[in-house]
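Below: the structure, in structure tokens.
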Amino acid sequence: MSGRDTARKSRRGGAAGTSRFGEVHFVNISHPSDVGSQMTDIRRFVMRGGNQQRRAQESRRENSPSIRPGSDNSSPGRSLPPLGSFPVPGDTRMLELVRFANEVTDVYIPFRATWFEVSLMDPGAFEVILGNNANLWERLRTNNIVAKTPEAMRHYSQSIVQLRQRLDDETAVKGQGIIANVLGHVCLNMRHCDWASWKVHMDGLCLILNTRGGFCGLDYQIHLLILLYDLVGSIVFDSRPRFPLYASFGIPSPNGDILSTPPRLRALLLRLVQKSDLVEAGEAMMKMSHMSGIIKEKSRSSTFWKKDIEGLLMISPALHFLLSMPRLPDDYMTHANRSDLVARELVRLTCLTIMSVLKERLSFFTVERAGLQARLVQFIAANIRYVEPDFFDLKVWVLITGALMEEHSLRDLYINEIKHTMMITNTSVGNLVHITQEMVWIDALMSSSANELIQDITHGNSS
């Protein structure tokens, strides 16, 4: 099931005795009325720091993998700590849930090993993991992808109690345990597409980090999860990331520059940097080209797409830059440099669409893909004619790439625009695909659809 399908199902709910999922998430089964005051306390903590986020209902769901029995190579380890080593009082059921999620199930869940390590830092974070494991247990047992059990609700409720206690403790609020707990709730909010709560918890996270003086002293796993949820949430809103790409994230430095790009792309980049409004577009395409080189080199390995940390570090520089680029002014149609602004936005939206498809291939949480594709199609339909002839290669790259990223049944606009381009330039679709391959081309995502697109255009399978 795709992230988009999961998001729709999660919004519909499905827990017994409730009409909306947001009304029951994190509620203590014994005292459901407690959750209102708990959430009020968390809101107050955010507001004390000057943040303006308004509501919080707890829920979320990380990109849903296919559920299959078997063995999972991504488990945190085959030997678990003894029962007394966990951060909460344990029993055999707790150990059963931990062992079940970490050793028994053949379900690839990105960052599962990272999260297991982080959960051991804090009782509240560990309760979130236990709740997730209880839900996973039920999903596998019943094949109910949005299963929410009373057992899981009890763990989530206990986690939020722990979070409230730490918010009131001036010492604890500076420790990494509270950050682990908050990240657990950020993760839950995203999994269930509860974006109001996601914003509240991310604002709280920013305030906690400011209170403690930044990232210094945090374990690397915490750094990774902050980076992950900042980027994955920001692309949903197409908003600027909250955090810069700190050196502590461990992102490898690019080993190439403009001279290492393919000749056709290099020629385009040299033209882009001559225009002040297109400098960022050129840098974005250079970062994408560097990333595509990494994928080309490493994706031959069958395990490449299941290396969550490597995948995150690989996509972060380009994705962070794309989300930080200038946005199109509302009145761009009245600007004298309209064509440059349009070209920049075409690059940004096309690259973001590629990143969304790539995230999905890496099994990262992805619900924004359909929205980005719709925005790109609408923008092309209204503005592609404003791209200057000097940027013909850029126009071709946008059209071919957009078509290859789109579902087969939704390519009509692209096919019509490509046919129009073929007619006015007296060239073949194969030549246009070749131009695209010499720009930014991710073989693992695009090659399988290229022949299909050529056949559709050549044989007229388009409305």
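Tally up the residues in the stretch 422-443 that are within 18 Å of VAL357 (Cβ to Cβ) and either out of contact with any helix residue (DSSP H, G or I) (no Cβ under 6 Å at 6 or more places or on another chain) or surrounded by fewer than 17 Cβ atoms within 10 Å (Cβ to Cβ) (or both), please. Before the answer, list the steps.
Of all residues in the stretch 422-443, those within 18 Å of VAL357 (Cβ to Cβ) come to 433, 436-437, 439-443.
Cutting the leftovers down to either out of contact with any helix residue (DSSP H, G or I) (no Cβ under 6 Å at 6 or more places or on another chain) or surrounded by fewer than 17 Cβ atoms within 10 Å (Cβ to Cβ) (or both) gives us 437, 441, 443.
Residues in the stretch 422-443 being within 18 Å of VAL357 (Cβ to Cβ) and either out of contact with any helix residue (DSSP H, G or I) (no Cβ under 6 Å at 6 or more places or on another chain) or surrounded by fewer than 17 Cβ atoms within 10 Å (Cβ to Cβ) (or both): 3 in total.
Within the stretch 235-244, work out how many residues are surrounded by 16 or more Cβ atoms within 10 Å (Cβ to Cβ) and in a loop (DSSP other than H, G, I, E, B). Steps first, please.
Taking the stretch 235-244 as the starting set, the residues that turn out to be surrounded by 16 or more Cβ atoms within 10 Å (Cβ to Cβ) are 235-236, 238, 241-243.
Within this subset, residues satisfying the condition of being in a loop (DSSP other than H, G, I, E, B) are 238, 241-243.
Within the stretch 235-244, residues that are surrounded by 16 or more Cβ atoms within 10 Å (Cβ to Cβ) and in a loop (DSSP other than H, G, I, E, B) number 4.
In the stretch 331-365, how many are closer than 18 Å to ALA444 by Cα and either of a type outside the set (Phe, Trp, Tyr) or at pLDDT below 95 (or both)? First the steps, then the outcome.
Filtering the stretch 331-365 for residues closer than 18 Å to ALA444 by Cα gives 350-364.
If we keep only those that are either of a type outside the set (Phe, Trp, Tyr) or at pLDDT below 95 (or both) as well, we get 350-363.
Final tally of qualifying residues: 14.
Could you list, in sequence order, all residues of the stretch 452-463 that are within 22 Å of PHE392 (Cα to Cα) and either exposed (fewer than 14 other Cβ atoms within 10 Å of the Cβ) or under 28 Å from the mean Cα position of the chain (by Cα) (or both)? I'd like the intermediate steps shown before the answer.
Residues of the stretch 452-463 that are within 22 Å of PHE392 (Cα to Cα), as a first pass: 453-454, 457-458.
Selection gives LEU453, THR458.
From the list ASP238, ASP277, exactly one residue is at pLDDT 95 or above and either of a type in the set (A, V, I, L, M) or within 20 Å of SER356 (Cβ to Cβ) (or both). Which is it? It would help to see each step written out before you state the result.
Details: ASP277 fails: either of a type in the set (A, V, I, L, M) or within 20 Å of SER356 (Cβ to Cβ) (or both).
Result of the check over ASP238, ASP277: ASP238.
Check off (1) over 30 Å from ALA374 (Cβ atoms); (2) aliphatic (A, V, I, L, M); (3) touching a helix residue (DSSP H, G or I) at 6+ places or on another chain (Cβ under 6 Å) for ALA267 and give me the number that stays unchecked.
(3)
Return the residues of the stretch 196-220 that are among the hydroxyl-bearing types (Ser, Thr, Tyr) and buried (at least 17 other Cβ atoms within 10 Å of the Cβ); say none if nothing qualifies. So that I can check it myself, show each step before the final result.
First pass over the stretch 196-220, keeping only residues among the hydroxyl-bearing types (Ser, Thr, Tyr): 197, 211, 220.
Answer for the stretch 196-220, where residues must be among the hydroxyl-bearing types (Ser, Thr, Tyr) and buried (at least 17 other Cβ atoms within 10 Å of the Cβ): just SER197.
Give all pairs with beta carbons closer than 7 Å in which a residue from the stretch 392-411 that is over 15 Å from MET288 (Cβ atoms) meets a residue that is among the aliphatic types (A, V, I, L, M) and part of a helix (DSSP H, G or I); count only pairs at least 6 apart in sequence or on separate chains.
LYS395/ILE384; VAL396/LEU432; VAL396/ILE435; LEU399/ILE418; ALA403/ILE415; ALA403/ILE418; ALA403/LEU453; ARG411/ALA403
Would you check if CYS193 is touching a residue at least 40 places away in the same chain (Cβ under 8 Å), outside any helix (DSSP H, G or I) and buried (at least 18 other Cβ atoms within 10 Å of the Cβ)? I'd like the intermediate steps shown before the answer.
Details: touching a residue at least 40 places away in the same chain (Cβ under 8 Å): yes; outside any helix (DSSP H, G or I): yes; buried (at least 18 other Cβ atoms within 10 Å of the Cβ): yes.
For CYS193, the condition - touching a residue at least 40 places away in the same chain (Cβ under 8 Å), outside any helix (DSSP H, G or I) and buried (at least 18 other Cβ atoms within 10 Å of the Cβ) - is met.
What is the residue count in the stretch 77-132 for residues that are over 26 Å from the mean Cα position of the chain (by Cα), modelled with pLDDT under 85 and of a type in the set (A, V, I, L, M, F, W, C)?
Number of matching residues: 4.
Among the helices (runs of 4 or more DSSP H) confined wholly to the stretch 262-357, which include 1 or more residues that are of a type in the set (Asp, Glu) and surrounded by fewer than 18 Cβ atoms within 10 Å (Cβ to Cβ)?
On the way: elements: 263-272, 279-298, 308-324.
Of the helices (runs of 4 or more DSSP H) lying wholly inside the stretch 262-357, those with at least 1 residues that are of a type in the set (Asp, Glu) and surrounded by fewer than 18 Cβ atoms within 10 Å (Cβ to Cβ) span 279-298, 308-324.
Here are some conditions: (1) assigned to a helix (DSSP H, G or I); (2) out of contact with any helix residue (DSSP H, G or I) (no Cβ under 6 Å at 6 or more places or on another chain). THR114 meets all but one. Which one does it not meet?
Failed condition: (2).
The values are calculated or read from the model by the stated rules, or taken from the named source; none is laboratory data. Everything numeric here is computed off the predicted structure, so don't read it as measured data. FYI the Cβ positions are ideal-geometry reconstructions off the backbone, even for glycines, and counts take in every protein chain you see.
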